[in-house]
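The values are calculated or read from the model by the stated rules, or taken from the named source; none is laboratory data. On a predicted model such as this, the values are computed, not experimentally measured, just so you know. Note that we place each Cβ from the backbone using ideal geometry, even for glycine, and neighbour counts take in every protein chain shown.
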Amino acid sequence: MDAPLWTETHAPALADIPQSEVRENLQRLVADPMNLILHGPPGSGKTAAARALAAELHDQPDADLIEINVADFFGMTKSEIREDPRFERFLQGQTEFSKRYRRSPDQTNKYKRDWSKRDMLGHVLKEMAGYEPASGDFKTVLLDNSEAMREDFQQALRRVMEQYHASTQFVIATRQPSALIPPIRSRCFQLPVRKPTVAEVVGVLEGIVAGEDVPSDEDGLEYVAGAADGDLREAVLSAQTIAVQAGEITMETAYETLSAMDTNERVVEMLADAEAGEFLDARKTLDDLLVDEGYSGGEVLEDVLAVARSRYGGEELATLHRLAGDIDFDLARGTNDRLHVAHLLAEIGPREG
């Protein structure tokens with residue numbers, strides 16, 4: 001999707017957060033800022049709520065809201081972290097803080113390149129927390145997806161929170177607040193963010209499609225909201241996909257677009273199983289598509305080729321197309337769909353490496 005994401009261009013203000021109890025609690029925190037734990041299921045709006053709160057708290061939120069995706073940080077290698085544009089200025093060069101961590105004669109201080117990920121993230125946090133706010137008396141540090149925090153880093157975070165409590169507000173967004181150590185939980189106001197209801201999601205979608213001037217009807221928006229099952233982010237992205245592909249959001253266009261998206265995801269899963277040699281799992285997905293979903297062998301074959309073009313290339317893709325041509329010929333003669341598409345899956349895998 002080349003257009004700007006609606007989740008970004010239509011990020012909610014504090015007054016627009018759909019869950020009334022979350023909105024009201026955050027509005028009270030504008031008058032009395034404190035450290036905060038936002039906890040709830042994926043897509044419920046935790047990150048959007050933190051950004052909306054920061055927009056109310058700071059005259060210059062772009063400067064005074066600092067975001068770190070903890071899961072992203074710990075998912076990278078140390079080399080990738082050092083070279084990431086978000087962190088390299090803290091982990092390379094000659095910052096005043098980093099000079100204190102040069103190797104000393106008694107070997108008590110590690111050189112930066114020997115740091116663990118905990119050391120690196122703790123250092124980045126201290127650097128960020130140590131900056132003067134661009135406006136006002138404090139800045140906000142958002143630690144997103146914080147269920148990825150190990151206990152050793154949480155201990156380091158606790159010390160940073162203690163040291164910079166007067167100048168930095170910490171907002172911790174997580175799906176698992178119980179994974180946070182008691183000293184952190186005791187320093188934060190805990191605010192649950194529940195899944196929004198279908199009606200609340202529809203309300204959000206109505207405002208967005210009106211702003212984008214996209215034709216829609218109530219049934220279409222309710223279908224999108226229901227399919228997302230409380231994942232507000234998924235609902236907004238699905239609505240944008242339908243609008244781009246169909247030009248309008250109705251029950252018919254929503255059903256057709258989302259069904260195709262779901263089928264593509266299952267085909268990706270089926271090909272991945274075939275590549276790994278998990279043919280029983282791959283054939284089970286194939287059976288689901290042919291029997292439960294009612295697709296023909298030709299339709300599944302078309303979807304397999306569409307997904308394959310994004311996964312393979314060169315001679316590998318050419319071989320797959322030649323094989324698909326033979327299978328398409330057999331399918332046209334009215335022979336067993338499952339047998340021939342399963343043969344294609346067997347030819348795909350297992351793959352080396």
Next item on the list: Select from segment 9-54 the residues that are surrounded by 18 or more Cβ atoms within 10 Å (Cβ to Cβ) and of a type in the set (G, A, S) and list them in ascending order.
Entry: G40, G43, S44, G45, A48, A49, A50, A52, A54
Check: Does segment 311-321 contain at least one residue that is of a type in the set (V, I, T) and surrounded by fewer than 14 Cβ atoms within 10 Å (Cβ to Cβ)?
Finding: yes
Item checked: Qualifying residues in segment 22-75 (those that are free of Cβ contacts under 8 Å to residues at least 24 places away in the same chain and of a type in the set (D, E, K, R)) - the one farthest from I184 (Cα to Cα) -> D62
Next item on the list: From the list S167, S186, pick out the single residue that is in contact with an Asp or Glu (Cβ under 9 Å, 6 or more places away or on another chain) and farther than 22 Å from A48 by Cα.
Entry: S167
Next item on the list: Output the number of the condition that M251 fails; it satisfies all remaining conditions of (1) buried (at least 18 other Cβ atoms within 10 Å of the Cβ); (2) more than 17 Å from H340 (Cα to Cα); (3) in contact with a Phe, Trp or Tyr (Cβ under 8 Å, 6 or more places away or on another chain); (4) not charged (D, E, K, R).
Entry: (1)
Check: Name the helices (runs of 4 or more DSSP H) wholly within segment 162-261 that hold at least 1 residues that are acidic (D, E)?
Finding: 198-212, 218-228, 232-246
Next item on the list: For P105, state whether it is at pLDDT 90 or above and out of contact with any strand residue (DSSP E or B) (no Cβ under 8 Å at 6 or more places or on another chain).
Entry: no
Note to self: Among the residues of segment 294-309, are any surrounded by 18 or more Cβ atoms within 10 Å (Cβ to Cβ), out of contact with any Leu (no Cβ under 7 Å at 6 or more places or on another chain) and among the small types (G, A, S)?
What the structure shows: no
Item checked: Top-ranked residue in segment 72-102 [being part of a helix (DSSP H, G or I) and either modelled with pLDDT under 70 or in contact with a Phe, Trp or Tyr (Cβ under 6 Å, 6 or more places away or on another chain) (or both); ranked as farthest from Q163 (Cα to Cα)] -> I81
